[in-house]
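Enquirer: What follows is a structure written as structure tokens; I'll ask about it next.
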Amino acid sequence: MNSDPTTDATRSERIVERAREVIPGGAQTGLRAQAYDTGDVAFERAKGTTLTTVDDEEYTDYHLGFGPIILGHAYDRVDDAARSAIGDGVLYGAGTTPLEVEVAERLTSLLPGVEQVNFCNSGSEATYHAIRLARAYTGNEKILKFEGCYHGWHDYVDVSVYPPEDELGGGYPESEGMLPSAVENTLVVPFNDREAVEEVFREHGDDLAAVILEPVPHSVGCILPRGEFLETLREVTREADVPLVFDEVITGFRHSPHGAQGEFGVTPDLTCVAKALGNGYPVAAVGGREDLLAQAGGDNESGVVISGTYSGNLPGLAAARETLDAIVEEDVQRHVTDLGDEYRAGLRDLLSDRDIEGRVVGHRSIFSVQFGVTGEPENYEDVLGLDEGRFREFAVGMRERGHFFTPNPYKRHHLSLAHGEAELADYLADADDVFGNL
Ligand SMILES: Cc1ncc(COP(=O)(O)O)c(C=O)c1O
């Protein structure tokens, strides 16, 4: 592994050391730098389920780039289409391209709440655009979000995603440097709490611009919507004529070709998609009701600016078209859902056999092991108190045995079409071994 005989450091360690000189924290985000908690690591290749370091160490990847890779890394059909698009130029930046029409048509036919779409490059851009459209439509400033839901890095929404216990119930800014008025205009209540939502509508109904949520909050592992929670949101927002925004950046195309809106039968006014839309390519979209999207019609009279030099770039759109077609044609969700059920059941058995306090949460292709907590979580508060140290030990042990996932205990494992029974058997055998040493 040590490819330089003049030092004991691995190539990964030397690259990370150089990175720390020129890149804050040594990686592109603080969350990526958390991979170093299990040992400094630099990756340079990925194919199928395999992620390979600069020292040629191979891992079965359960991180999958925080979730976009639904078909497996470097999926030929998608990459071939992107390469072919690049051959015709990456970006025109004027007029319309046939590809954008093709992808927009697919999105409007797949997602029940989407009549029109605007493309962008990331989930954060999509949620930003959605909120601007909603504020323009209502003329109001306040938005309502839920504790534990992440909608991107911008000031409007980076509030109360992981608040400490003594900040529950308030607007907790996740970053320094945020605009206080943006935080003040972001109201926060617990997920699955119908009464709290109704109370906000009683108090602020006339000032609300939008309600935004992850229909299945995965930013804290997995919380499933209970009872009639999504239906209640639909009713109160419709009554008050406040746009309901489903942030389907994770759920869209990972859980169902029709998004959580198709799965749970609740149609939002605005929808944000990214991640699994392009199997790893930077492509995202905001879509929704025609009257809401029409505000961004490009005509200055109609008012809302949605802009972006790289929006609708050709390789991203080609990747999106092929990913969407593959998801539909190859029945991807059936494969990853069945496999996810097997991982969850296997892990639950292991926890119980070894009498380890903990739970396995998840939905379809996503699962998380949470130590030190039990019962089904209904909201963010139910996730607080998990044993972070034990999860890191688990992540280290699994990494030593060739399985990679982020050591952040609030995050999740992802599965792709490339994962199968062989990966499942290896994972469970090694998890059993690691659990035995915890
Ligand atoms: C639910 C959700 N919304 C929005 C975002 C932001 O997307 P991006 O990182 O592409 O800006 C994320 C990213 O993890 C997400 O999980």
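What follows draws every value from the coordinates through simple rules; no lab data is involved. Since the model is a prediction, treat every value here as computed from it, not as a measurement. Glycine also receives a Cβ, built like all others from the backbone with ideal geometry; neighbour counts cover every protein chain displayed.
Enquirer: Note the angle between two axes, namely the Cα long axis of helix 98-110 and the longest principal axis of the Cα atoms of the chain, as a number of degrees from 0 to 90, rounded to the nearest 10.
Expert: The angle comes out at about 90 degrees.
Enquirer: Let me ask something else about it. Roughly what % of DSSP beta bridges within region 76-329 run antiparallel, to the nearest 5?
Expert: Values: 10 of 24 bridges.
Percentage antiparallel, nearest 5: 40.
Enquirer: Still on this structure, please answer the following. Explain nothing, just the number: dipole magnitude of the chain about its Cα centre with +1 on each Lys and Arg Cβ and -1 on each Asp and Glu Cβ, in debye rounded to the nearest 20. Intermediate values should be presented prior to the final figure.
Expert: On the way: 35 positive and 79 negative charges, 153 e Å.
Charge dipole, the chain, about its Cα centre: 740 debye, nearest 20.
Enquirer: Using θ = phi - 60° and the Karplus relation 6.51 cos²θ - 1.76 cosθ + 1.60, list the HN-Hα couplings for region 224-241 in order, rounded to whole Hz, with x at every Gly or Pro.
Expert: Taking θ as phi minus 60°, the curve returns 8, x, 9, x, 9, 4, 5, 5, 4, 4, 4, 5, 5, 6, 5, 4, 8, 6 Hz for region 224-241.
Enquirer: So, one more: Sort 359, 412, 401 by Cβ crowding within 10 Å, fewest neighbours at the top.
Expert: Details: 359 20, 412 26, 401 16.
Taking fewest neighbouring Cβ atoms as first place, the list is 401, 359, 412.
Enquirer: Stretch residue 437-residue 102 to full length: gain in nm at 0.36 nm per residue minus the Cα-Cα span?
Expert: Values: separation 335, 0.36 × 335 = 120.60 nm, distance 5.23 nm.
Fully extending the segment from residue 437 to residue 102 adds 115.4 nm.
Enquirer: Further, regarding this structure: Once you order the gyration tensor axes a ≥ b ≥ c over the Cα atoms, which shape class does region 112-162 get: rounded for a/c under 1.5, otherwise prolate or oblate by comparing a/b with b/c? Could you put the intermediate results ahead of the total?
Expert: Working: a/c = 1.82, a/b = 1.28, b/c = 1.42.
Judged from the Cα gyration tensor, region 112-162 comes out oblate (a/c at least 1.5, b/c at or above a/b).
Enquirer: Sticking with this one: Could you tell me which of rounded, prolate or oblate describes region 76-329, using a ≥ b ≥ c as the square roots of the eigenvalues of the alpha-carbon gyration tensor, with rounded for a/c under 1.5 and, failing that, prolate when a/b is larger than b/c and oblate otherwise? Each step should come with its number before you reach the end.
Expert: On the way: a/c = 1.75, a/b = 1.58, b/c = 1.11.
Prolate.
Enquirer: As I understand it, the value is the acute angle between the Cα axis of helix 194-204 and the longest principal axis of the Cα atoms of the chain; what does it come to in degrees, rounded to 10?
Expert: That helix lies at roughly 40 degrees to the long axis.
Enquirer: Right, here's the next one. Give me the percent of DSSP beta bridges within the chain that run antiparallel, rounded to the nearest 5. List each step's numbers first, then the result.
Expert: Details: 26 of 42 bridges.
Here the antiparallel bridges make up roughly 60 percent for the chain.
Enquirer: Let me ask something else about it. State, to one decimal in nm, how far the label point of residue 381 lies from the label point of residue 309, with both points 7 Å from Cα in the Cβ direction.
Expert: Modelled inter-label distance: 4.7 nm.
Enquirer: Could you tell me how many degrees, from 0 to 90 and to the nearest 10, lie between the Cα long axis of helix 388-400 and the main elongation axis, the longest principal axis, of the Cα atoms of the chain?
Expert: Computed tilt is about 60 degrees.
Enquirer: Could you tell me the ratio Rg/Rh of the chain? Both radii from Cα atoms, Rh via Kirkwood. Please list the in-between numbers first.
Expert: Working: Rg = 21.7 Å, Rh = 22.6 Å.
Radius of gyration relative to Kirkwood radius: 0.96.
Enquirer: Using a ≥ b ≥ c from the Cα gyration tensor of region 148-299 (square roots of the eigenvalues), is it rounded, prolate or oblate, where a/c under 1.5 gives rounded and otherwise the larger of a/b and b/c decides, a/b for prolate? Walk me through the numbers before you get to the answer.
Expert: On the way: a/c = 1.26, a/b = 1.17, b/c = 1.07.
Note, shape of region 148-299 comes out rounded.
Enquirer: Ranked by Cβ crowding within 10 angstrom, fewest neighbours first, how are 12, 109 ordered? Please list the in-between numbers first.
Expert: Working: 12 21, 109 12.
Listed from fewest to most nearby Cβ atoms, that is 109, 12.
Enquirer: How do 411, 142 rank when sorted from fewest to most other Cβ atoms within 10 Å of their own Cβ?
Expert: On the way: 411 21, 142 18.
Listing 411, 142 from fewest to most nearby Cβ atoms yields 142, 411.
Enquirer: Using each residue's phi in region 328-341, evaluate 6.51 cos²θ - 1.76 cosθ + 1.60 at θ = phi - 60° and report the 3J(HN,Hα) Karplus result to the nearest Hz, with x for Gly and Pro.
Expert: 6, 6, 9, 6, 4, 5, 5, 4, 6, 6, 4, 5, x, 4
Enquirer: Whole-Hz ³J(HN,Hα) for each residue in region 410-421, computed from phi via Karplus 6.51 cos²θ - 1.76 cosθ + 1.60 with θ = phi - 60°, x for glycine and proline: what do you get?
Expert: With coefficients 6.51, -1.76 and 1.60, one gets 8, 8, 9, 8, 10, 10, 10, 4, 6, 6, x, 4 Hz.
Enquirer: Place +1 on the Cβ of every Lys and Arg and -1 on the Cβ of every Asp and Glu in the chain, take the dipole about the Cα centre, and give the residue among 315, 66, 10 whose Cα lies farthest towards its positive end.
Expert: So the residue we want is 315.
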